[in-house]
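> There's a structure below that I have some questions on.
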DNA sequence: ACTTTTGCTTGCATAATACAAGTAATAACG
DNA sequence: CGTTATTACTTGTATTATGCAAGCAAAAGT
């Protein structure tokens with residue numbers, strides 16, 4: 001893969017990497033929904049096809065947004081996790097959620113509105129700290145035992 | 001057009017609307033680069049094809065992100081502008097820019113780094129206020145004379 | 001041993017995007 | 001007034017991205 005950047009605009013360049021149907025969704029699933037393995041992703045609500053998932057995970061790796069590891073007690077499963085570069089996309093994802101919460105409910109009334117969304121609405125920074133903290137904890141645990 | 005939302009996740013739903021190669025780029029061009037007419041867009045660095053531009057502008061209208069107007073002294077040009085719903089995407093666009101600034105320069109060294117980017121880096125909130133303020137001013141001027 | 005699970009790949013269908021050309025309605029110019 | 005240029009598109013075709021179904025090898029479970 002060799003990304004063709006459309007131009008020198010930083011905003012457009014970000015979208016050259018992330019502007020498709022799946023990249024940010026997969027990152028969100030890892031960050032917010034504890035998805036770690038191939039199977040986890042295939043079972044998610046978004047129902048990504050396995051060939052797309054496979055190719056997107058490869059792209060994410062090439063961009064340095066995702067790394068893989070195996071756990072010693074499980075030779076079958078591969079664990080995917082986010083790098084710091086991907087964790088720095090947290091604000092982008094949060095802002096998308098805030099916008100969605102405010103503007104998409106009219107067209108799409110069944111969008112979830114749980115405690116998490118309420119926290120995001122009332123204290124975005126705290127929401128960000130909480131999820132990033134949780135993710136880093138989990139990551140540390142996995143890294144400690146993976147090889 | 002009838003958007004198929006993949007699921008009830010607010011983040012994914014935002015990407016059902018915005019997650020493609022062009023939607024956020026066009027919004028950015030209007031917000032940050034004073035693009036207003038069909039011609040403006042075709043002449044931009046991103047070099048969008050006219051058929052894509054046409055279909056994306058239609059989508060943006062249908063989503064309530066863009067409206068059109070004509071100026072009394074010009075029967076040829078159609079002026080496209082952002083709605084409040086689209087202006088609320090400013091934080092998303094800024095966060096994409098911040099991420100790009102921090103992480104994409106290595107892979108794509110020619111990304112611009114001007115006064116605007118410096119302000120974005122050092123004072124995101126101020127950057128947001130400035131560009132949104134400027135846009136609203138311009139919009140008010142156009143609205144005052146359009147029919 | 002046999003079956004199931006996991007992490008993929010392959011083949012084919014459809015949808016999104018790209019490129020080139022053409023068109024109708026203005027507007028500008030001689 | 002007639003000719004040319006500009007603007008906002010559409011149409012046709014090629015290429016790329018995504019979707020769906022099936023298959024497959026390695027590991028795990030029974």
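Quick note: the coordinates plus some simple rules give every number you see, no bench work behind them. This is a predicted model, so every value here is computed, not measured. Please note: Cβ atoms are built from the backbone with ideal geometry, for glycine as well, and neighbour counts cover all protein chains shown.
> When you take every Cα atom in segment A:40-86, what is the radius of gyration, and what is Dmax, the widest Cα pair distance, in Å?
Cα only, segment A:40-86: 11.6, 30 Å (Rg, Dmax).
> Would you mind listing the distances between the residue B:47 label point and the same position in each other copy? Use 7 Å along Cα-to-C-beta, nm, one decimal, shortest first.
Result for residue B:47, in nm, nearest copy first: 3.9.
> How big is segment B:92-147 on each of its three principal axes, counting only the C-alpha atoms and giving the largest first in Å?
47, 20, 20
> Determine the shielding of peptide A:85-98 by partner chains: average, over its residues, the number of Cβ atoms on other chains within 10 angstrom of each Cβ.
Mean number of neighbouring Cβ atoms from other chains: 6.
> Go through A:21-28, A:62-69, B:9-16 and give me the packing order, highest mean Cβ count within 10 Å leading.
B:9-16, A:21-28, A:62-69
> Averaged over peptide A:23-34, how many Cβ atoms belonging to another chain are found within 10 Å of each residue's Cβ?
3
> Return the average number of partner chain Cβ atoms within 10 angstrom of each residue Cβ along peptide B:100-108.
Counting Cβ atoms of other protein chains within 10 Å of each residue's Cβ and averaging gives 6.
> Would you please give the FRET efficiency between residue A:110 and residue B:75, computed as 1/(1 + (r/R0)^6) with r the Cβ-Cβ distance and R0 = 41 Å, to the nearest 0.05?
The formula returns an efficiency of 0.40 here.
> Starting from the Cα of residue B:136, move 7 Å in the Cα-to-Cβ direction to define the label point; list residues of segment B:9-47 whose amide nitrogen is under 17 Å from there.
B:31-32
> From Cα coordinates alone, what are the radius of gyration and Dmax values for the protein assembly as shown in angstrom?
20.0, 74
> Once you have a ≥ b ≥ c as the square roots of the Cα gyration tensor eigenvalues for chain B, tell me rounded if a/c is under 1.5, and otherwise prolate or oblate according to whether a/b is larger than b/c.
Oblate, since a/c reaches 1.5 and b/c is not below a/b.
> Percentage of Cα-Cα pair distances in segment B:53-137 greater than 18 Å, rounded to whole percent?
Percentage above 18 Å: 58.
> With runs of 4+ DSSP H residues as the only contributors, calculate the mean residue ellipticity of the protein assembly as shown at 222 nm using -39,500 (n - 2.57) per run, divided by the residue total and rounded to the nearest 500.
Calculated mean residue ellipticity at 222 nm is -17500 deg cm²/dmol.
> Put a label point 7 Å from Cα along the Cβ direction on residue A:146, then list its distances to the equivalent points in the other copies in nm, shortest first.
Label-point distances to the other copies, shortest first: 5.0 nm.
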